[in-house]
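What follows is a set of notes on a single structure, which appears directly below.
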Amino acid sequence: MPQIIDGKKISAMIKDELKTQVTALKSKQEVSICLAVIQVGNDPASAVYVGNKKKACAYIGIDSLSYELPEETSQAQLMDLIGELNHKAEVTGILVQLPLPEHIDEDAVIRAIDPAKDVDGFHPQSVGALCIGQPGFVSCTPAGIIQLLKRSGIEIAGRECVVVGRSNIVGKPMALLLLRENGTVTVAHSRTENLKEVTGRADILVVAVGRPKMITREYVKEGAVVIDVGIHRNEDGRLCGDVDYEDVAPICSAITPVPGGVGPMTIAMLMHNCVEAGKAGRR
Ligand code: GUN
């Protein structure tokens, strides 16, 4: 049977490490850490994510400020709030929950956040820094996947890594991070020809396609490490990923379950970024 990569356990470890670090920093009064979370509209899934982020802040000892804005908030109003938070010294991180309502230009909003407070790692400056190997905030889900691999003792350097999906939030930064770890990286996507042949070369296969159970064992090399970023609720109300777990698990060496694999890591890495932002913003 494969090694089951336990994201719940690893994320709990990271949060406990951060809590210890924050407690020590606070006792020396060296740092204040405060995350401002902005949600526009009342998408129920976003409300759950935002609630979980605030809970994680409270657990670790990070202050949080909550801005719940109505659906009809204008672009200008949102930009004004971000400008205000950029200038507030006590706010060390800013997170705007996505997706935003259709009338708001998401790219412009992301660009408006001070890169020093960009704990999501979505600002073009953060992405550019990652691309050329300079310090900066890294998108939380792919950063969490690197932690899952490292803390599970999985070697990345020199190995064939295939990322399926090319989103700005997961696929592209994932490819850059695996490259930074000296993996040999291929990015496949919806227009890739002979996808099974490409994924079948992977020692480490990261799947972020957004299609339930798309990846069956025909896509996977025997002994591969399989990381499933997808999360879907199927007809009978059960959660599943982009990978057909029952089909794939028996032939791989390690695999992330859904739920309890990649999902919990996103918030742990957000907390990591918040602590780093607080430390860097030390006055
Ligand atoms: N919506 C879904 N995932 C994320 C995330 O990681 N950050 C933000 N800001 N919004 C999201």
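Laboratory data are not the source of any read-out in this text; all were calculated from the coordinates shown. Note that the structure is predicted; figures quoted are calculated from it, not measured. Please note: Cβ atoms are built from the backbone with ideal geometry, for glycine as well, and neighbour counts cover all protein chains shown.
In table form, for the structure just shown:
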read-out: Residue within the range 99-113 that is in contact with a Lys or Arg (Cβ under 8 Å, 6 or more places away or on another chain) and surrounded by fewer than 22 Cβ atoms within 10 Å (Cβ to Cβ) present; value: no
read-out: Check on Gly241, closer than 24 Å to Ser11 by Cα, out of contact with any helix residue (DSSP H, G or I) (no Cβ under 9 Å at 6 or more places or on another chain) and crowded, with 22+ Cβ neighbours inside 10 Å; value: yes
read-out: Of residues in the range 15-35 being assigned to a helix (DSSP H, G or I) and of a type in the set (Gly, Ala, Ser), the one surrounded by the fewest Cβ atoms within 10 Å (Cβ to Cβ); value: Ser27
read-out: Tabulated pairs, the range 77-90, first loosely packed, with under 14 Cβ neighbours inside 10 Å, second not polar (S, T, N, Q), C-beta under 6 angstrom, 6+ apart or interchain; value: Glu90/Cys34
read-out: Verdict on Asp114 being without any contact (Cβ under 8 Å) to a residue 40 or more places away in the chain, within 14 Å of the ligand (Cβ to nearest atom) and of a type in the set (D, E, K, R); value: no
read-out: Cross-chain or 6+ apart pairs with Cβ under 9 Å, the range 223-242 first and on the phi < 0 side of the Ramachandran plot, then basic (Lys, Arg) and not in a loop (DSSP other than H, G, I, E, B); value: Leu239/Arg233; Cys240/Arg233
read-out: Residue pairs meeting the criteria (Cβ under 8 Å; at least 6 apart or on separate chains; first basic (Lys, Arg), in the range 42-53; second within 12 Å of the ligand (Cβ to nearest atom)); value: Lys53/Leu35; Lys53/Val37; Lys53/Leu95; Lys53/Ile267; Lys53/Leu270
read-out: Given (1) away from the ligand (no atom under 13 Å from the Cβ); (2) of a type in the set (Val, Ile, Thr); (3) outside any helix (DSSP H, G or I), index of the condition Ile38 fails; value: (1)
read-out: Hey, Glu106 acidic (Asp, Glu) and in contact with a Leu (Cβ under 6 Å, 6 or more places away or on another chain) or not; value: yes
read-out: Members of the range 96-113 that are over 17 Å from the mean Cα position of the chain (by Cα) and part of a loop (DSSP other than H, G, I, E, B); value: Leu100, Pro101, Glu102, His103, Ile104, Asp105, Ile113
read-out: Filtered residue count, the range 65-104, keeping only those that are away from the ligand (no atom under 14 Å from the Cβ) and touching a helix residue (DSSP H, G or I) at 6+ places or on another chain (Cβ under 6 Å); value: 3
read-out: Residue satisfying all of: in the range 118-131; away from the ligand (no atom under 13 Å from the Cβ) and touching a residue at least 24 places away in the same chain (Cβ under 8 Å); surrounded by the fewest Cβ atoms within 10 Å (Cβ to Cβ) among these; value: Cys131
